[in-house]
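Bear in mind that the values in this text are calculations on the coordinates, not laboratory data. Everything quoted here is computed from the prediction, not taken from an experiment. Backbone-built Cβ (ideal geometry, glycine too); neighbour counts: all protein chains shown.
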Amino acid sequence: MIAIARRELAGYFATPVAYVFIVIFLALSGALTFTLGNFFGRGQADLNPFFSFIPWLFLFLVPALTMRLWAEERRQGTIELLLTLPVTQWQAVVGKFVAAWAFCAIALALTFPLWLTVNWLGSPDNGVILAGYVGCLFVAGAYLAIGAAISALTKNQVIAFVLAVSACFLFAAAGSPVVTEFLSANVPALADVARAVSVNDRFNGFTRGVVSARDLIYFASFILFWLLVNTVVLEHRKAD
């Protein structure tokens with residue numbers, strides 16, 4: 001598992017994909033934080049403007065990262081070689097996921113100038129900021145798990161990207177007022193379900209500095225479920 005994770009992580013930086021992803025992520029997160037987030041105009045020493053846009057940035061950038069995980073392996077025919085190595089399918093799935101998650105962690109770590117800026121301008125609660133970064137990492141992990149599972153379904157990277165964005169959007173927008181109000185008026189039973197599965201609602205607790213066991217269990221089970229789906233899909237494709 002560790003060998004696969006190292007191989008995949010090195011593979012990101014062996015191509016322009018890693019650098020393009022990081023540059024776009026840093027540029028967009030900075031631009032949104034200082035413009036739409038009104039970072040200076042708010043007059044508050046916190047990173048809420050930054051955290052508020054992260055789930056929506058990951059909504060598009062993470063599927064772009066995962067669309068090649070298994071789709072490219074299947075297109076080139078190297079998936080057969082990978083699965084004949086002395087590793088289980090579960091180890092291969094987790095290894096690829098860990099590599100992608102580590103890459104997202106590196107991208108998040110490179111936003112440290114924002115943290116330095118807010119500490120220079122005021123006296124923020126760094127515990128809350130740390131909790132927000134932990135939440136960002138969990139959101140990235142949730143989207144990565146979805147994207148990886150969908151990437152295993154097809155050989156076409158564009159299809160994998162579109163389907164992953166759509167699936168991530170459903171879980172991101174499930175708890176939004178527009179969706180919950182519509183469901184409350186028409187299907188009240190589903191309104192609570194939508195709030196329960198919403199990634200953004202769980203992430204909001206982290207941005208307030210609250211790291212609850214309920215949210216940790218949610219993200220852990222969410223990631224584990226989609227990794228299991230990924231493994232089942234690979235097993236099915238191998239049987240075909």
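Within the shell of other residues whose beta carbon sits under 14 angstrom from the beta carbon of TRP101, the net charge comes to +1, with Lys and Arg scored +1 and Asp and Glu -1. Mean sequence separation of contacting Cα pairs (under 8 Å, at least six apart), scaled by the length of the chain, corresponds to a relative contact order of 26 percent. If you wrap the chain in the convex hull of its Cα atoms and look at it from every side, the mean projected area works out to 14.3 nm².
Quick one: helix 2-13 against the long Cα principal axis of the chain, what's the angle to the nearest 10°, folded into 0 to 90? It is inclined by approximately 70 degrees. Each listed q (0.28 Å⁻¹) maps to a log10 I(q)/I(0) for the stretch 112-184 from the Debye sum over equal C-alpha point scatterers, namely -1.13. Helix 213-239 and the longest principal axis of the C-alpha atoms of the chain enclose an angle of approximately 20°.
For the stretch 1-65, what is the convex hull volume of the alpha-carbon atoms per residue, in Å³?
On the way: hull volume 6.6 nm³, N = 65.
Output value, Cα hull per residue: 102 Å³.
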